[in-house]
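Trainee: Just passing along the structure, written as structure tokens.
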Ligand SMILES: [Zn+2]
């Protein structure tokens with residue numbers, strides 16, 4: 001399954017009338033946050049495929065051209081604090097960044113993020129019973145601690161994501177938050193035990209094989 005992951009930047013390649021032709025084989029969009037609502041709605045409308053998303057620390061309400069205030073992208077599906085089974089893939093989402101000030105609802109202390117993981121755990125065990133595995137993809141905004149982190153506290157990753165990968169072994173952890181233009185996030189993918197950690201800042205095109213779920217990691221990335 002071709003998956004388009006996006007976050008953090010409005011990319012002209014995607015915010016284009018040619019997006020359908022460029023990404024004609026994509027079957028699923030995953031958004032890792034810090035994107036305008038209009039952009040997500042554009043992507044889901046133009047591609048006509050499902051879009052699952054989590055929030056970034058800069059996401060907030062948006063006013064439409066008609067003066068309507070919207071707080072979530074219409075036509076997209078929130079993956080926050082939940083797990084879904086989609087087309088053979090099990091996905092779960094934990095958006096937001098580490099808490100560094102009081103200006104956003106999508107910031108969490110390490111302890112708060114651990115509590116979110118614990119709340120998600122019963123569903124992951126249900127997945128294990130029903131599908132034979134906990135999940136395939138964890139969608140986050142922030143990275144795991146010491147993987148693709150920035151040097152400053154707001155761009156620090158969550159330690160609890162390391163424990164999550166140790167325990168539940170998703171094939172992918174896809175995150176945003178670490179803009180490549182900042183100069184400290186040049187590495188876009190890192191293998192951590194059985195998980196490939198992918199920084200999707202901007203966009204990435206992934207090929208994820210649902211059938212490979214029981215046979216370990218065989219997915220590949222063919223565009224940086
Ligand atoms: Zn962010």
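The values are calculated or read from the model by the stated rules, or taken from the named source; none is laboratory data. Note that the coordinates shown come from a computational prediction; the quantities given were computed from them, not determined experimentally. Cβ atoms come from the backbone with ideal geometry, glycine included; neighbour counts cover every protein chain shown.
Trainee: Mind listing just one residue for me: the one in the range 42-85 that is in a strand (DSSP E or B) and either within 16 Å of the ligand (Cβ to nearest atom) or modelled with pLDDT under 95 (or both) and, of those, surrounded by the fewest Cβ atoms within 10 Å (Cβ to Cβ)?
Mentor: Applying the filter and picking the extreme gives 69.
Trainee: For the range 149-169, name all the residues that are in contact with a strand residue (DSSP E or B) (Cβ under 9 Å, 6 or more places away or on another chain) and over 21 Å from residue 112 (Cβ atoms).
Mentor: Selection gives 169 alone.
Trainee: Looking at (1) touching a strand residue (DSSP E or B) at 6+ places or on another chain (Cβ under 9 Å); (2) part of a loop (DSSP other than H, G, I, E, B); (3) surrounded by fewer than 16 Cβ atoms within 10 Å (Cβ to Cβ); (4) modelled with pLDDT of 95 or more, can you tell me which one residue 101 breaks?
Mentor: (4)
Trainee: Still on this structure: Residues 138, 124: which one is crowded, with 19+ Cβ neighbours inside 10 Å, at pLDDT 95 or above, under 30 Å from residue 20 (Cβ atoms) and in contact with a strand residue (DSSP E or B) (Cβ under 7 Å, 6 or more places away or on another chain)?
Mentor: Values: 124 fails: under 30 Å from residue 20 (Cβ atoms).
Checking each option against the conditions leaves just 138.
Trainee: Which condition does residue 30 not pass, out of (1) within 16 Å of the ligand (Cβ to nearest atom); (2) touching a strand residue (DSSP E or B) at 6+ places or on another chain (Cβ under 6 Å); (3) not in a strand (DSSP E or B), if it passes all the others?
Mentor: (3)
Trainee: Test of understanding: among 166, 152, which residue is within 16 Å of the ligand (Cβ to nearest atom), loosely packed, with under 14 Cβ neighbours inside 10 Å and farther than 19 Å from residue 204 by Cβ?
Mentor: Answer to the check: 152.
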